[in-house]
Amino acid sequence: MDYFSAEGKAIGFNTALVAEIAKRIGMNVEFISVDSGARAVALASGETDVIFWSQIGNFNDWKKADTGDQPENTIVTEPYMKSTLCYIVREDSPLAETRAGAAGNE
């Protein structure tokens with residue numbers, strides 16, 4: 001959902017959302033890149049104040065989400081977005097036949 005461009009600019013849904021919120025409340029925001037496995041360390045050490053990531057577990061019951069890397073004294077908020085994966089394929093694609101066969105099972 002988010003990445004840093006070759007020029008080093010943060011781009012994506014989360015960064016656009018956070019940038020707009022920051023603008024509206026008059027706050028300066030700096031985006032940094034943190035390896036997924038280092039999120040907890042970056043938060044606990046003060047390298048970052050907030051971590052956004054796209055999924056923490058079962059969104060049907062977010063309180064049971066996998067927060068194994070959550071540092072002590074931190075808060076996991078309710079998701080601000082829910083999404084479903086979908087794919088668009090050409091009608092003549094072999095994948096379209098697979099999907100058409102599965103459609104009757106829904």
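The values are calculated or read from the model by the stated rules, or taken from the named source; none is laboratory data. Since the structure is predicted, the reported quantities are computational estimates derived from the model, not experimental observations. Cβ sites come from the backbone with ideal geometry, for glycine too, and all protein chains shown count toward neighbours. SASA here: full protein model, heavy atoms, side chains in, ligands and nucleic acids out. Shrake-Rupley method; radii C 1.70, N 1.55, O 1.52, S 1.80 Å.
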Of (1) at pLDDT 85 or above; (2) open to solvent by 70 Å² or more (accessible area, probe 1.4 Å), residue 55 fails just (1)
By residue number, the members of region 1-16 that are over 13 Å from the mean Cα position of the chain (by Cα) and either under 20 Å from residue 75 (Cα atoms) or open to solvent by less than 70 Å² (accessible area, probe 1.4 Å) (or both) are 5, 8, 10
Select from region 17-43 the residues that are open to solvent by 60 Å² or more (accessible area, probe 1.4 Å) and of a type in the set (D, E, K, R) and list them in ascending order. 20, 23, 24, 30, 35
Boolean, residue 46 is modelled with pLDDT of 70 or more, in contact with a strand residue (DSSP E or B) (Cβ under 6 Å, 6 or more places away or on another chain) and open to solvent by less than 70 Å² (accessible area, probe 1.4 Å): no
